[in-house]
Every structure is written in C-alpha cells, then in structure tokens.
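Okay, so here's the structure we're looking at.
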Amino acid sequence: MRITEQTTLNKKRRPLVLLFILTLLLLLLSAVSLGVGAVYISPLDIITDLMGTGASSHAFIIQEYRLPRLYIAMIAGAGLATAGAVLQGILRNPLASPDVIGVTKGAGLAAVIVIVLFPDSPVFWLPVSAFLGAAAAAAALMLFAHKNGVKPATLALIGIALGAIFQAGIEYFMIKFPDDVNSTLLWLAGSLWGRGWEQVWMLLPSVPFAIALWLLSAKLDILNLGDDLAIGLGQKTKQLRYVLLTLSVIIIGMCVAAIGSIGFIGLIAPHVARKLTGSRHKFLLPVSALIGALFLLAADSLGRGLFPPIEIPAGIVTAVIGAPYFLYLLRREGKKA
Amino acid sequence: MLKWMKTGSVKGAGLLLAIAFLLALGGCSSTQKAADSENVQGAGQTESGNTKTITHEMGETEIEGTPKKVVALELSFVDSLNALGIEAAGIADDEKKEMIAKLVGKETDYTSVGTREQPNLEVISSLQPDLIIADAERHKNVYEDLQKIAPTIVLKSRESTYQENLGAFNTIAQAVGKEEEAKTRLAEHEKTIEETKAKLKADPNVTILPAVVRDTSFQAHTSSSYDGELLEHLGFKNAIQQEEPYAEMNLEQLVEIDPDILLLANNDGKLITDEWKNNPLWKNLKAVKNGQVYDVDRDLWTRFRGVVSAEAIGANMLEMLGENK
C-alpha cells in the first residue's frame, strides 16, 4: 500500500497555480455559504453587512451564525485534512485517517459518557472531555506501539483495535440509554449547528500546529521512503513519528472537541490532494488543507440549505458525499494498478 | 532542508496570504459583532420600564414588559402556553404540523423553527421574539446564543416529572405575566384530576405499567417517570416503584413484575412486542389474560407533557378503562 512516487510525480501540476485556484474557490464558496440557509441573504446584503455599512436586518444572522460557522468549517476542515494527510504519511497507508488510529473514537466515547451519564454537567465539559478522550486514545496508541519501534503497520493495527474497543463502549451506552441516542448520534456525526465565535477561538490555536506540521514536510517525505532508507539518511524514525503523531492528534482533538467526530474529511481530502499535486508533503499538506476546508464548508452549507428549517448535520453530508466518492477513488486506483 | 524551505516559503506565500486575509476578515467582523449586540440591547431598553427577573434552570433572566412573541422549543412549553391562552409564534415542531395541531387542539398559525434537537437559530432570530423557552437538557449548549436573540428561560421538559412540569408551568406564567390565570388554571387542573381519579376509582391493589415500545427495546416507565407519576395521582400504583424514571427490560423481567394493566406507547414500525406476542410467557401475563393491555398514543403519553395533556391522559384512561362505579 506504499504511495509510489513515480506515478504521482509524472502528473504533478504547478502547485502555486493549484493553490491559487483552490483559494479562489474557497473564497467563492464562502460568499455562497454566507447567503445559504433558512433565511436567504442576497449577495448585496452580505457585502454591506461585512463592511458594516447600513446594517441590514440580516446583519445579526451573518455576524452571529454564518460568519463563525464559515471560519469553523475552514479551520476544522483544513485541520482534519492536514492531520489526515500526515497520518497517511506516518502510517504509509492511504487508508489511514483520524478514525483509523482510534483517536476520534476515543473522543467519541468520552463525549458519549458526558452526554449520557452527566446530562447536568456544565457546557464546557463536552469539548474538554472530547479533547481528553482523543489525547488518552493517542497516549494508549503510542504506549502499545512503543515496544515495536512505532512501526507503521503496528500503529495501524493497534489503532484499529483501540478504535474497536471505544466503539464497543459507545454502542454499550447507546443501547443502555436509548433516550439519549439522538443527542449522542448527533454529536458523533459531527455538526456545526449552534457553534459560534467561542468555537472559532477554540479552534484558532490548532493553526500553529498545522503550520508546524507543514514545516516538517521534508521529514515526512523521507519517512515515506521506508524506515531503512530513512534511518540511512540519518532520521530518528521513532522520535519523528512521535512528534508528528502528537501534533496531528492535538489538531484532531481540537477539531473534534469543537464540532464532534466528523468523518471522511481526514480521509478524502488528502486523497484528492495527492491526485492533484503528488505526494510531496510541502505541497500535499496545504492542498489537503484547502480541499478539507472546501469540503466541510460545502457540507455545512448544503446541510443548512437543503431542507430548511431542518438542518442536516455536516457530518452526515460528508459521509453521504464522502463514502461513494471514496469508493470511486479506490476503483480508479485499482484500475490503474 | 534549507533548500526546500526556500522554495517552499515562496510557494507557500499564497497560503499565508490567504490566512492573513481570513484573519483580517475575522478582525473586522468581531468589532462589527460588538456593535450589533449593542444595537439589539438598545432596541430592547426603549420598551416599558417594568422589568421582572425570572429564575430558571440556568440562572436568572430579566424580562421587560409582557412578552407577546414567544418561541417554544419543547412540546410541553407549547402545552403550558396553550393552557394560558397564548399561541406560540415559533415552535420546534420537528416539522410535524399535525402533531402540534393535536397538542393544541386546533390548527394554529406559527413558524416552525426546525427540530427540537437542533432548533434553527437563524429562523428564531428572524422571528424577533420577546421570549424563548428552552429545554434544560437539549438546549443548554445554545443557551448563550438564544440569550443573544431574546430573553431566554431554560426549564426542565424532557426529563421532567409531573411535579416539575407543573413548576415549569408556573415559571412560564410568571414570564408571560399571567400568574393570576395560572393560579385559576392550576386549581381547575387539580379539580379535573381529582374528578377523573374519583371516576376511575382504581383498586389500590391493582398495578399498572406504562412502557415505550421500540423495535429493540421495551422501556418501562416507573413511578418516578412523568406518566408514571401522573398515574399515581390518578390513583394507580405503578408496578415498579423506584427513583429511576425508566427501566429497560426483557420479557422475563416483565413476567416477574407481571402488572395488572399494561399501557403500551408504541413506536412506528416494527416492535419488540411483535415477537413477544408469540411467546407463551407473554400469553401468561395477567394483563394479557385479562385483556388489560392498551395501546396508547405515544405523542400524548410521553412527548407532550403539560397541564392540558395531563388532563387528556386522564380522559384517555377513562375512555379505555371505563368509569368504575
């Protein structure tokens, strides 16, 4: 399952142009997203509201709901995609994602426990427990993988095993407390409903971690050559994996704490990015980030605009779009091989 | 390492620029936001000077004047408003107009604000309500957001007992300035319940068990549940006397408890009892043998919860069991 350099290098496009196009697309989609929802807001109103001139009757909706959600979608989408791309690099496995290493499931179990067993707890318990759950899952993962030198296959297998344990826990609580299934499922699916500026501030600290990962992209390239070569080139592969894993988990933990354990973004965005720009991480990471942001923003706008006033959680939209697209990608990859 | 960083930084400049742009946008929007909330508050203060403070599950909320446009985010609040003669302007109705019509007793003109689980904040804000009534469990995460739209009171609905529900009714009456009406209505309610109890004249030795039936679960409602407690007020002894409002059980456990009367609030679709009905254990239940198994409306019995609905439940009991003379 190693990502081969040859095939991807051949069709490498000009990364700068690609980044520019994606940024443009993101800005365009942002403008659309601000207008979409149960209350339609015309582009002209959006501009005057953003400028702060002649506040229209929709200024409140834009400032309180749509703008923060726009930022949340961008930061969380980009964060999850970056972390996903790095995980795929660390594990040298294109199927790796925050779900596969058990981190989001760990966050999910912690959140479910808070929702089900402590319904009267203060509001901030939920994000805090989700972050701690993710951290605990990552700690367990590294602890168990440590003996074997943190090899990619070991990490993946242990991650899957941990994920299965957490999933069992989640299901136990859902069967035991059927009345809370709705709220639990909602959180597990991941949604931007009810999120505001508070979550934007919660997510902003993840940006420096993503930039740190980007600065490490040359090392990720070396890891991709395989352990023997990497060690030959003077890399301490074990330590490097710990650093990369920790950085990724911090980003994932923050994203999941803010919007719930949203799936597929960390899996699909890096895939698409690899198709577009090849597997050199210094381009792969920013392209993944932009695609992740686009993906989550599109999902949230769709979920908001399809059946107003009912909102479809963004996580369900990403799954509905993501799953078939992923199958299609796998099929195409299979054909080429 | 140095080499790639050089080319990388040139090519990454676009990304950094984009981030800078976004942050700038965020900066100007947050100042705008502050200005906005000032505007909103300024508009509220121009109204009459009589302010009251309502204490609720998440603190205290100041309400100015008498709220006219009320948004109810749970069904029991709609029931309470209905009992006070107020039509809610916005209801989280899960997009089921007919359910609200059943609850209020007639078609009313209101705006749906989406699901109870995720009420649409945009729609609520566009209604420009004077008061929002939210559930302590479902909506605590958006309390701050709701408070920015309009004065919000948070009450127990979903997890409430019968007594707590009556308490919530009083709080709502205070908030909408109808304490006197509430007093009369509650007295009337007590009288109705007493009358129904007298007509039902339940045998103190007879046990009753209401339960919600789903495709994979049979959830008994104990003496501490909303409907269980109401039935106790109507003179029926619940088959399960405990502090926990709900108890999941299988057929064996049900056989052991063996209530005299079974009230089943069935989900739509396949039910776990469909299978049980072929089981000899089921056929041996006292309630089954004596024909004392009743299917009841799930909306009325477990979802609505309120003064009017409680009376409707009493009437429903009379209808099913008949007057006991």
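Among the residues in segment A:255-262, are any surrounded by fewer than 24 Cβ atoms within 10 Å (Cβ to Cβ), in a helix (DSSP H, G or I) and not small (Gly, Ala, Ser)?
Filtering segment A:255-262 down to residues surrounded by fewer than 24 Cβ atoms within 10 Å (Cβ to Cβ) leaves none.
Within segment A:255-262, not a single residue is surrounded by fewer than 24 Cβ atoms within 10 Å (Cβ to Cβ), in a helix (DSSP H, G or I) and not small (Gly, Ala, Ser).
With the structure loaded, tell me whether A:Gln88 is at the interface with another protein chain (Cβ under 10 Å from one of its Cβ atoms) and surrounded by 23 or more Cβ atoms within 10 Å (Cβ to Cβ) or whether it fails that test. Steps first, please.
Numbers: at the interface with another protein chain (Cβ under 10 Å from one of its Cβ atoms): no; surrounded by 23 or more Cβ atoms within 10 Å (Cβ to Cβ): yes.
Answer is no for this residue.
Please enumerate the residues belonging to segment A:91-121 that are away from chain B (no Cβ under 14 Å), within 17 Å of A:Gln167 (Cα to Cα) and outside any loop (DSSP other than H, G, I, E, B).
Hits for segment A:91-121 are A:Val103, A:Thr104, A:Lys105, A:Gly106, A:Ala107, A:Gly108, A:Leu109, A:Ala110, A:Val112, A:Ile113.
Taking into account only those residues within segment B:106-121 that are β-branched (Val, Ile, Thr) and at the interface with chain A (Cβ under 7 Å from one of its Cβ atoms), which is surrounded by the most Cβ atoms within 10 Å (Cβ to Cβ)? Walk me through how you get there before you give the answer.
Taking segment B:106-121 and keeping what is β-branched (Val, Ile, Thr), we get B:108, B:111, B:113, B:115.
From what's left, at the interface with chain A (Cβ under 7 Å from one of its Cβ atoms): B:113, B:115.
Numbers: B:Val113: 30, B:Thr115: 21.
Going through the qualifying residues, I end up with B:Val113.
Residue check, A:Thr246 against (1) of a type in the set (S, T, N, Q); (2) more than 19 Å from the chain's Cα centre (by Cα); (3) more than 14 Å from every other protein chain (Cβ to nearest Cβ), all met but one. Which one?
With (1) of a type in the set (S, T, N, Q); (2) more than 19 Å from the chain's Cα centre (by Cα); (3) more than 14 Å from every other protein chain (Cβ to nearest Cβ) applied to A:Thr246, the lone miss is (2).
Considering each residue of segment A:31-69, count those that are assigned to a helix (DSSP H, G or I) and more than 9 Å from chain B (Cβ to nearest Cβ), and give that number.
12
Of all residues in segment B:122-137, how many are more than 10 Å from every other protein chain (Cβ to nearest Cβ) and in contact with a Leu (Cβ under 8 Å, 6 or more places away or on another chain)?
Residues that pass the stated criteria total 4.
Quick one: B:Ala101 ticks every box in (1) more than 14 Å from chain A (Cβ to nearest Cβ); (2) part of a strand (DSSP E or B) bar one, so which box is it?
That leaves (2) as the condition not met.
Please verify whether A:Asp99 is of a type in the set (Asp, Glu) and closer than 30 Å to B:Asp145 by Cα, treating the condition exactly as stated. Show your work before the answer.
Working: of a type in the set (Asp, Glu): yes; closer than 30 Å to B:Asp145 by Cα: no.
No, not satisfied.
From the list A:Phe177, A:Phe173, A:Phe124, which residue is surrounded by fewer than 16 Cβ atoms within 10 Å (Cβ to Cβ) and within 14 Å of chain B (Cβ to nearest Cβ)?
It is A:Phe124.
Among the residues of segment A:232-243, is there at least one that is more than 23 Å from A:Leu109 (Cα to Cα) and either at pLDDT 90 or above or under 12 Å from the mean Cα position of the chain (by Cα) (or both)?
yes
Of all residues in segment B:112-137, which are among the polar types (S, T, N, Q) and either assigned to a loop (DSSP other than H, G, I, E, B) or in contact (Cβ under 8 Å) with a residue 12 or more places away in the chain (or both)? Step through it out loud before you land on a result.
In the first step, residues of segment B:112-137 are kept if they are among the polar types (S, T, N, Q); the result is B:112, B:115, B:118, B:120, B:125-126, B:128.
Within segment B:112-137, B:Ser112, B:Thr115, B:Gln118, B:Asn120, B:Ser125, B:Gln128 qualify.
Among the residues of segment A:192-209, count how many are within 10 Å of chain B (Cβ to nearest Cβ) and buried (at least 23 other Cβ atoms within 10 Å of the Cβ).
Number of matching residues: 2.
Can you report the number of residues in segment B:122-141 which are of a type in the set (Gly, Ala, Ser), surrounded by 24 or more Cβ atoms within 10 Å (Cβ to Cβ) and out of contact with any Asp or Glu (no Cβ under 9 Å at 6 or more places or on another chain)?
Number of matching residues: 0.
So in segment B:145-162, with the set limited to residues that are facing chain A (nearest Cβ under 8 Å) and closer than 26 Å to A:Leu117 by Cβ, which one is surrounded by the fewest Cβ atoms within 10 Å (Cβ to Cβ)?
Among residues in segment B:145-162 that are facing chain A (nearest Cβ under 8 Å) and closer than 26 Å to A:Leu117 by Cβ, the one surrounded by the fewest Cβ atoms within 10 Å (Cβ to Cβ) is B:Glu159.
What number goes with the only condition from (1) surrounded by 20 or more Cβ atoms within 10 Å (Cβ to Cβ); (2) within 13 Å of A:Leu285 (Cα to Cα) that A:Val249 does not pass?
If we test A:Val249 against (1) surrounded by 20 or more Cβ atoms within 10 Å (Cβ to Cβ); (2) within 13 Å of A:Leu285 (Cα to Cα), just (2) comes out false.
Which residues, counting only those in segment A:263-317, are under 14 Å from the mean Cα position of the chain (by Cα), of a type in the set (A, V, I, L, M, F, W, C) and in a loop (DSSP other than H, G, I, E, B)?
A:Phe264
Residue by residue through segment A:310-320, note down the ones that are touching a residue at least 40 places away in the same chain (Cβ under 8 Å) and surrounded by fewer than 24 Cβ atoms within 10 Å (Cβ to Cβ).
Within segment A:310-320, A:Ile316, A:Ala319 qualify.
When you scan segment A:181-233, how many residues do you find that are over 30 Å from B:Arg138 (Cβ atoms) and part of a helix (DSSP H, G or I)?
Qualifying residue count for the region: 23.
Is it the case, given these coordinates, that B:Arg214 is within 14 Å of another protein chain (Cβ to nearest Cβ) and of a type outside the set (S, T, N, Q)?
Yes: the conditions hold for B:Arg214.
Can you find a residue that is away from chain A (no Cβ under 14 Å) and among the small types (Gly, Ala, Ser) anywhere in segment B:181-191?
Scanning segment B:181-191 turns up at least one residue that is away from chain A (no Cβ under 14 Å) and among the small types (Gly, Ala, Ser).
Would you tally the residues in segment A:282-337 being facing chain B (nearest Cβ under 9 Å) and over 17 Å from A:Ala85 (Cα atoms)? Spell out the reasoning first.
Quick first cut of segment A:282-337, residues facing chain B (nearest Cβ under 9 Å) only: A:282-283, A:286, A:289-290, A:304, A:307-311, A:313.
Of the ones still in play, those that are also over 17 Å from A:Ala85 (Cα atoms) are A:304, A:307-311, A:313.
Total satisfying the criteria: 7.
Taking A:Phe326 as meeting all but one of (1) surrounded by fewer than 19 Cβ atoms within 10 Å (Cβ to Cβ); (2) at pLDDT 85 or above; (3) within 21 Å of A:Leu188 (Cα to Cα), write down the number of the exception.
(2)
Checking B:Asn278 against (1) in a helix (DSSP H, G or I); (2) more than 19 Å from B:Pro245 (Cα to Cα), which single condition isn't satisfied?
So B:Asn278 meets the others, but not (1).
Quick one: in segment A:152-166, of everything that is crowded, with 17+ Cβ neighbours inside 10 Å and not small (Gly, Ala, Ser), which residue is farthest from B:Met249 (Cα to Cα)?
A:Pro152
The values are calculated or read from the model by the stated rules, or taken from the named source; none is laboratory data. Predicted, not measured: the structure shown is a model, and the values here were computed from it. When we count neighbours, we look across all protein chains shown, and the Cβ atoms used for this are built from the backbone with ideal geometry, even at glycine.
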